[in-house]
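Q: Dropping a structure here in structure tokens format, bear with me for questions.
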Amino acid sequence: MSSSASNLFATGPFSHRFLDANGARLHAVTANLDPDTTPDRVVILLHSYPQHWYAWRHVLAAAPEIGLPIVALDLRGHGASDKPPSQFALPTLAADVAGVISTLGAREAILVGHGLGGVVARGAAARVPESVTRVITVSSPHPATWQLHRSARLRAHLAYLLAPQLPERGHTRGTAVATAITELTEPTSPVRELAASYATDLRSPFAARCVVEQLRWLIRARRRPSGRQFLAELERAYWIVPVTELYGEAEQLFAPASFADDARCVPGGHFLPEENPKPIIAAIVAAATERE
């Protein structure tokens with residue numbers, strides 16, 4: 001497969017399926033999950049921009065070590081999941097994840113989110129705290145915190161995303177994805193080799209609009225009543241559902257001060273699921289065993 005070819009339906013030690021949740025059809029890639037049985041506990045992996053489920057392939061391959069069913073989702077608007085013409089707010093994505101837990105019939109879930117997926121994981125935990133035993137965020141500080149500690153690179157990214165039509169054109173006809181990945185990685189990062197593939201999967205105008213509008217919603221959250229309510233829900237959930245934060249020592253988007261005092265700094269950069277998945281796998285194993 002060429003570096004520019006789509007990896008949306010790549011094969012490996014996992015299976016592809018579609019799940020109906022919260023009125024959307026979501027693409028899911030599963031490992032250790034028997035479609036004919038109802039899992040008691042499940043691990044749900046939520047990717048970040050500008051990627052999709054494929055970013056979690058190393059964690060999916062570690063399913064025997066983790067010992068629980070694993071589901072890597074394409075968030076609404078991303079990958080092979082539905083791309084509706086509206087409903088871009090992050091509370092909708094959080095409701096999607098809560099719906100997936102219900103669709104699977106799982107009693108408990110461990111939510112693991114990278115970047116944007118980390119915010120969605122916190123939001124899902126706020127919706128169904130009785131079903132989420134732990135949230136693990138990767139390169140994803142609490143939104144209220146990174147808004148206060150903006151690095152120069154983050155400010156540049158936010159300004160670009162808020163520009164009318166510019167980011168949409170950058171995704172459909174330009175180099176927005178390649179530029180974002182290059183700016184946030186070291187030259188040796190394996191993510192750079194997949195930049196063309198991820199860009200291919202965001203070429204659709206529907207995908208580009210969904211993704212950009214979701215990021216804009218998060219940037220503007222504090223200015224809107226629905227956004228302020230969402231952030232308040234995240235804050236309440238933080239004290240109910242335990243959160244493990246991981247970030248790379250070479251993180252280039254968020255300032256170190258953005259992360260919680262007890263966050264774990266590990267080798268790697270912003271794209272830890274692909275650059276250094278071992279600490280993530282270890283955190284999932286620890287969460288899986290703490291309630292046994």
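Q: Run down Leu26, Leu8, Leu19 and say which single residue is in a strand (DSSP E or B) and closer than 16 Å to Asp201 by Cα.
A: Of Leu26, Leu8, Leu19, the one residue that is in a strand (DSSP E or B) and closer than 16 Å to Asp201 by Cα is Leu26.
Q: Of all residues in the range 271-286, how many are in a helix (DSSP H, G or I) and out of contact with any helix residue (DSSP H, G or I) (no Cβ under 9 Å at 6 or more places or on another chain)?
A: Let us first name the residues in the range 271-286 that are in a helix (DSSP H, G or I), namely 272-275, 278-286.
So of that shortlist, the ones also out of contact with any helix residue (DSSP H, G or I) (no Cβ under 9 Å at 6 or more places or on another chain) come out as 282-283, 286.
Selection size over the range 271-286: 3.
Q: Looking at (1) surrounded by fewer than 21 Cβ atoms within 10 Å (Cβ to Cβ); (2) over 20 Å from Arg153 (Cα atoms); (3) among the small types (Gly, Ala, Ser); (4) touching a residue at least 40 places away in the same chain (Cβ under 8 Å), which is the one condition that is false for Ala282?
A: Failed condition: (4).
Q: Residue check, Gly268 against (1) in a helix (DSSP H, G or I); (2) without any contact (Cβ under 8 Å) to a residue 60 or more places away in the chain, all met but one. Which one?
A: Going through the list (1) in a helix (DSSP H, G or I); (2) without any contact (Cβ under 8 Å) to a residue 60 or more places away in the chain, Gly268 breaks only (1).
Q: Next question. Could you give me the residue pairs with C-beta distances under 6 Å whose first residue belongs to the range 39-54 and is surrounded by fewer than 24 Cβ atoms within 10 Å (Cβ to Cβ), whose second residue is basic (Lys, Arg) wherever it lies, and which are 6+ apart or on separate chains?
A: Once the first residue is surrounded by fewer than 24 Cβ atoms within 10 Å (Cβ to Cβ) and sits in the range 39-54, its partners that are basic (Lys, Arg) give Asp40/Arg107.
Q: Within the range 180-198, can you find the residues that are farther than 15 Å from Ser48 by Cβ and either touching a residue at least 12 places away in the same chain (Cβ under 8 Å) or in contact with a helix residue (DSSP H, G or I) (Cβ under 8 Å, 6 or more places away or on another chain) (or both)? Reasoning before the result, please.
A: Pass one, the range 180-198, residues farther than 15 Å from Ser48 by Cβ: 182, 186-188, 190, 192-193, 196-197.
Those that are farther than 15 Å from Ser48 by Cβ and either touching a residue at least 12 places away in the same chain (Cβ under 8 Å) or in contact with a helix residue (DSSP H, G or I) (Cβ under 8 Å, 6 or more places away or on another chain) (or both): Thr182, Glu186, Pro190, Arg192, Glu193, Ala196, Ser197.
Q: Another one. Among residues belonging to the range 64-105 that are of a type in the set (Ser, Thr, Tyr) and part of a helix (DSSP H, G or I), point out the one that is least open to solvent (accessible area, probe 1.4 Å). Full working, then the answer.
A: First, pick out the residues of the range 64-105 that are of a type in the set (Ser, Thr, Tyr): 81, 86, 92, 102-103.
Still in the list and also part of a helix (DSSP H, G or I): 92, 102-103.
Working: Thr92: 31, Ser102: 88, Thr103: 70 Å².
The residue in question is Thr92.
Q: Where in the range 106-164 are there helices (runs of 4 or more DSSP H), lying fully within it, with 1 or more residues that are free of Cβ contacts under 8 Å to residues at least 24 places away in the same chain and surrounded by fewer than 22 Cβ atoms within 10 Å (Cβ to Cβ)?
A: Details: elements: 116-127, 143-146, 152-162.
By residue number, 152-162.
Q: Go over the candidates Arg17, Arg25 one by one and state the one that is modelled with pLDDT of 95 or more, over 26 Å from Thr289 (Cα atoms), touching a Pro at 6+ places or on another chain (Cβ under 8 Å) and open to solvent by 70 Å² or more (accessible area, probe 1.4 Å). So that I can check it myself, show each step before the final result.
A: Numbers: Arg25 fails: touching a Pro at 6+ places or on another chain (Cβ under 8 Å).
Result: Arg17 is the single residue among Arg17, Arg25 that is modelled with pLDDT of 95 or more, over 26 Å from Thr289 (Cα atoms), touching a Pro at 6+ places or on another chain (Cβ under 8 Å) and open to solvent by 70 Å² or more (accessible area, probe 1.4 Å).
Q: Okay, next question. Farther than 30 Å from Ala63 by Cα, out of contact with any His (no Cβ under 6 Å at 6 or more places or on another chain) and open to solvent by 60 Å² or more (accessible area, probe 1.4 Å): is that true of Pro187 in this structure? Let's see the steps before the verdict.
A: Details: farther than 30 Å from Ala63 by Cα: no; out of contact with any His (no Cβ under 6 Å at 6 or more places or on another chain): yes; open to solvent by 60 Å² or more (accessible area, probe 1.4 Å): yes.
When the stated conditions are applied, Pro187 does not pass them.
Q: Quickly run through the range 29-38 and pick out the residues that are surrounded by 14 or more Cβ atoms within 10 Å (Cβ to Cβ) and assigned to a loop (DSSP other than H, G, I, E, B). Even if it seems obvious, please write down each step before you answer.
A: Residues of the range 29-38 surrounded by 14 or more Cβ atoms within 10 Å (Cβ to Cβ): 29-33.
Of everything in the range 29-38, those that are surrounded by 14 or more Cβ atoms within 10 Å (Cβ to Cβ) and assigned to a loop (DSSP other than H, G, I, E, B) turn out to be Asn32, Leu33.
Q: How about the range 253-265: which of its residues are in contact (Cβ under 8 Å) with a residue 12 or more places away in the chain and over 17 Å from the mean Cα position of the chain (by Cα)? Quick ask: steps written out before the conclusion?
A: Here is the first cut: in the range 253-265, the residues in contact (Cβ under 8 Å) with a residue 12 or more places away in the chain are 253-255, 257-260, 262-265.
Residues satisfying the conditions are Ala255, Ala257, Ser258, Ala260, Asp262, Ala263, Arg264, Cys265.
Q: Which of the numbered conditions does Glu290 fail, given that it passes all the others? Conditions: (1) modelled with pLDDT of 95 or more; (2) open to solvent by 30 Å² or more (accessible area, probe 1.4 Å).
A: Failing condition for Glu290: (1).
Q: Restricting the search to the range 201-229, which residues are out of contact with any helix residue (DSSP H, G or I) (no Cβ under 9 Å at 6 or more places or on another chain) and surrounded by fewer than 17 Cβ atoms within 10 Å (Cβ to Cβ)?
A: Passing the criteria: Phe206, Arg223, Pro225.
Q: Here's a follow-up. Taking the range 246-268, which residues are among the acidic types (Asp, Glu), within 19 Å of Ala121 (Cβ to Cβ) and surrounded by fewer than 20 Cβ atoms within 10 Å (Cβ to Cβ)?
A: Keep residues of the range 246-268 that are among the acidic types (Asp, Glu), which gives 249, 251, 261-262.
Filter once more, so that each one left must be within 19 Å of Ala121 (Cβ to Cβ): 251, 262.
The answer is Asp262, and nothing else.
Q: Name the single residue that is modelled with the lowest pLDDT among those in the range 201-242 being of a type in the set (S, T, N, Q) and in a helix (DSSP H, G or I). Talk me through it step by step, then tell me what you get.
A: Kept after step one, since they are of a type in the set (S, T, N, Q), are these residues of the range 201-242: 204, 214, 226, 229.
So of that shortlist, the ones also in a helix (DSSP H, G or I) come out as 214, 226, 229.
Working: Gln214: 95, Ser226: 89, Gln229: 93.
Once the filter is applied, the top-ranked residue is Ser226.
The values are calculated or read from the model by the stated rules, or taken from the named source; none is laboratory data. Being a predicted model, the structure only gives us computed values, none of them experimental. Positions of Cβ are generated from backbone atoms using ideal geometry, with glycine treated the same way; all protein chains shown enter the neighbour counts. Calculation scope for accessible area: heavy atoms of the full protein, side chains included, ligands and nucleic acids excluded. Shrake-Rupley method; radii C 1.70, N 1.55, O 1.52, S 1.80 Å.
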